[in-house]
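Nothing in this text is a laboratory measurement; each read-out follows from the coordinates by a stated rule. Keep in mind the model is a prediction, meaning the values are calculated, not measured. Heads up, the Cβs are rebuilt from the backbone with ideal geometry, glycines too, and the neighbour counts pull from every protein chain shown.
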């Protein structure tokens, strides 16, 4: 989400879809895939926690846990099989390597 002064990225409470945080030229950037940072020469910073709101404003970046009691984790298998580029990392797993292991 973008406002006049803020950029807010949201990761769903189960972590179904990934969200990555990076930095380029001193500015924060968000992407659903870590490999997108390579295209703009950004440095990967962290995978956002499930249920986290990543708020970027004039004061910097902060994370707010919107669902602190959420324990269940769920991934979309299509992220690994179809959606994500092979050079992405999702939950610290290389997508290309996961495709080889899946068969």
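Using every pair of distinct Cα positions in the chain, the Kirkwood expression returns a hydrodynamic radius of 14.3 angstrom.
Can you tell which of 89, 59, 70 shows the greatest fluctuation in a Gaussian network model of the chain with Cα springs below 10 Å? Per the Cα network of the chain with a 10 Å cutoff, 59 tops the list. Using a Gaussian network model of the chain in which every pair of alpha carbons under 10 angstrom is joined by a spring, one finds that among 55, 90, 40 the greatest mean-square fluctuation is at 40. Per-residue Cβ neighbour counts within 10 Å put 56, 8 in the sequence 8, 56, beginning with the fewest. Protection proxy ranking of 10-22, 26-38, by the mean of other Cβ atoms within 10 Å over each peptide's residues and highest first, is 10-22, 26-38.
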